[in-house]
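Shown next, in structure tokens, is the structure this report addresses.
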Amino acid sequence: MTSAERKELQSQNCSLVSKIIGKFIKNKHTLSLAGNISNAILGFGSLALVARLLSKDDMGAWFMFLTAYIFADLLRAGIIHTSLVRFAASSENEQFGEVAGSGWLISIITTLILSIVTILTDIFFSHLITNEGFRLFLSWYWLAAITTLPFNYAAWLLQARSSFEKVLYIRLLNQLSFITCILIALITQTSSVEIVLTGFIFSGLLPSAISLWAGWSMIGSVRLATKKRCWTYSTLENLAWGP
């Protein structure tokens, strides 16, 4: 084998390896796994930074806020997430707008109901609540719920369409923007639960703004929502027809 033939063979091998690696990286299962792993690692890292920033009492209040917020968010997502992904993944292009719009309508109504309940509870019963973390939840939930809804909804739609690279992008943006806010607070030695909450709100607002700007959330499709489609999202309907 001549030197020229050897170089040509090496070039072909490198090209083949590059194609294999490229396909592996772009594979939807790889992207989904990468998203879950990176989200878990960054979430653990942000928690460690918050623990470094806050005092013991403030950290307890932050944990209580997170626990209550996650519970409320799971309640909001549980009403729509599974049905939305299932119907969106199987719908044709002309039906996708109706599916997305009906899901948006239910999500908005659910968010408004939860927000109104927490606001009214904060107004009339805050003097009876002694847990600082739960008081923070009642005061801040409505803002956190509104700012995080567009990017969470966009992630559900993108998941249904197997656009996992975009899901990875907005999830990373959410985590990294929060970590950046905490690092700034550490550098400036500004320590309070309110600062962490502000960073939490900002880290939801930024990916939501990008999701709205890029059209990933499809918020305009809410005008295509129908009563029939909204009913098919309901828990009773899903239980009746099965998965």
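The values are calculated or read from the model by the stated rules, or taken from the named source; none is laboratory data. Bear in mind the structure is a predicted one, so any value in this text is a computation, not a measurement. Using ideal geometry, Cβ is built from the backbone for each residue, glycine included, and neighbour counts are taken over all protein chains shown.
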Failed item, numbered, when T148 is tested on (1) within 22 Å of M218 (Cα to Cα); (2) touching a Phe, Trp or Tyr at 6+ places or on another chain (Cβ under 7 Å): (2)
Filter result for F44 (at pLDDT 80 or above, in contact with a Phe, Trp or Tyr (Cβ under 8 Å, 6 or more places away or on another chain) and within 30 Å of L186 (Cα to Cα)): no
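Hey, could you check the range 60-116 for residues that are in a helix (DSSP H, G or I), among the hydroxyl-bearing types (S, T, Y) and within 15 Å of S221 (Cα to Cα) and say which is modelled with the lowest pLDDT? Please lay out each step first, then the result.
Start the filter on the range 60-116 by keeping residues that are in a helix (DSSP H, G or I), which leaves 60-90, 93-116.
Checking the rest, the ones that are also among the hydroxyl-bearing types (S, T, Y) come to 67, 69, 82-83, 90, 102, 107, 110-111, 115.
Subset that is within 15 Å of S221 (Cα to Cα): 102, 107.
Numbers: S102: 86, S107: 90.
Applying the filter and picking the extreme gives S102.
Give the residue, chosen from S38, S102, S90, that is surrounded by fewer than 12 Cβ atoms within 10 Å (Cβ to Cβ), farther than 23 Å from F137 by Cα and out of contact with any Pro (no Cβ under 6 Å at 6 or more places or on another chain). Break it down stepwise before answering.
Numbers: S38 fails: surrounded by fewer than 12 Cβ atoms within 10 Å (Cβ to Cβ); S102 fails: surrounded by fewer than 12 Cβ atoms within 10 Å (Cβ to Cβ).
After applying the criteria, what remains is S90.
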Cross-chain or 6+ apart pairs with Cβ under 6 Å, the range 64-80 first and more than 12 Å from S107 (Cβ to Cβ), then among the aliphatic types (A, V, I, L, M) and part of a helix (DSSP H, G or I): F65/L136; A72/L114
Test set (1) within 22 Å of S107 (Cα to Cα); (2) part of a helix (DSSP H, G or I); (3) touching a residue at least 60 places away in the same chain (Cβ under 8 Å) - S162 fails condition number: (2)
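Residue by residue, here is whether (1) touching a residue at least 24 places away in the same chain (Cβ under 8 Å); (2) farther than 24 Å from I109 by Cβ; (3) not in a helix (DSSP H, G or I) holds:
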position	(1), (2), (3)
T148	yes, no, no
F151	yes, no, no
L157	yes, no, no
L168	yes, yes, no
Q175	yes, yes, no
I187	no, yes, no
S191	yes, yes, yes
E194	no, yes, no
Number of the exception - F134 against (1) in a helix (DSSP H, G or I); (2) at pLDDT below 90: (2)
Members of the range 214-230 found to be in a loop (DSSP other than H, G, I, E, B) and in contact (Cβ under 8 Å) with a residue 40 or more places away in the chain, listed by number: W216, S217, M218, A225, T226
